[in-house]
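These notes concern the structure reproduced below.
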Amino acid sequence: MLGHHPAACLKAWLQTNGWNPLTRQTLITVGEPISLLSKLKRLKSSLLTRLTTLLHSWIRLESSLAEDNGGYAGNTDWYKEFYNDAAFMQQHNASLSGGSEKSTYYGSVGYKGQDGLFRFGQDKYKRFNIAFNFTTQVNDWLQLNFNTKLNNSDKNVPTNNFGMGSPPYYEVYRMFPHIPIYLPNGTDFAALQGDNFNYNIAGRMALAGRTTTADKDFGTPEVLILRL
């Protein structure tokens, strides 16, 4: 294209590269008195206007997914917001044993407490256990053994029927990042009424109530008589 008018070269390049839809209002004609710089400024303005319109359309589309809660959009890192960085756990055990020439005994007691990783609707677990064994040799031909134990555990977790199709450990990996946790007031939870992963799992868990499970395992005392 050497030797051609600069305006003609620019027009041909724009047409070749599919820019006609964006430049029909500012087509450059060879011989126009308007300067090339003016045309480029008009082209830049037209491009910026169309890009801005496209961006606003995308934002409206994303926001419409949460229109039931006011038509807003967020930028949520669900893994960071959903889980604590660490969870406290404690475990304590103690035992006592002894006896004499004819009798022996052993007793143990234990406690375990563990906080969960959820930041919203935190889960907790506690367990208490005790065991006791006693053996005595009554005479040369009779031995008595006594054994018993007790395990008591309590689990307190968010109720898993508040509109969640799967356990929260699985659901959080499917959450959309445009869903915010709170409304603009910073207090009320957002997007509680959505579906198809388009909802606020943190808010639902915080408001879901609690499910408590208590398990008790009591070992019936056992007396064993051995005749030697």
#### Entry: All positions within the stretch 91-107 that are out of contact with any Phe, Trp or Tyr (no Cβ under 6 Å at 6 or more places or on another chain) and touching a residue at least 24 places away in the same chain (Cβ under 8 Å)
Lys102, Ser103, Thr104, Tyr106
### Summary
Scanning the stretch 123-171 residue by residue, those at pLDDT 85 or above and under 14 Å from the mean Cα position of the chain (by Cα) turn out to be Asp123
#### Entry: Checking Lys112 against (1) at pLDDT 90 or above; (2) under 18 Å from Met205 (Cβ atoms), the condition it does not meet
(2)
### Query
Would you pick out the residues in the stretch 78-95 that are of a type in the set (Ser, Thr, Tyr) and assigned to a strand (DSSP E or B)?
Tyr83, Ser95
### Message
So Thr148 ticks every box in (1) touching a His at 6+ places or on another chain (Cβ under 7 Å); (2) touching a residue at least 60 places away in the same chain (Cβ under 8 Å) but one. Which box is left unticked?
### Response
(1)
### Query
For Tyr79, are the conditions met, namely being among the hydroxyl-bearing types (Ser, Thr, Tyr) and surrounded by 15 or more Cβ atoms within 10 Å (Cβ to Cβ)?
no
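The values are calculated or read from the model by the stated rules, or taken from the named source; none is laboratory data. Every value quoted in this text rests on a predicted model; they were computed, and no experiment measured them. Note: ideal-geometry Cβ built from the backbone for every residue, glycine included; neighbour counts use all protein chains shown.
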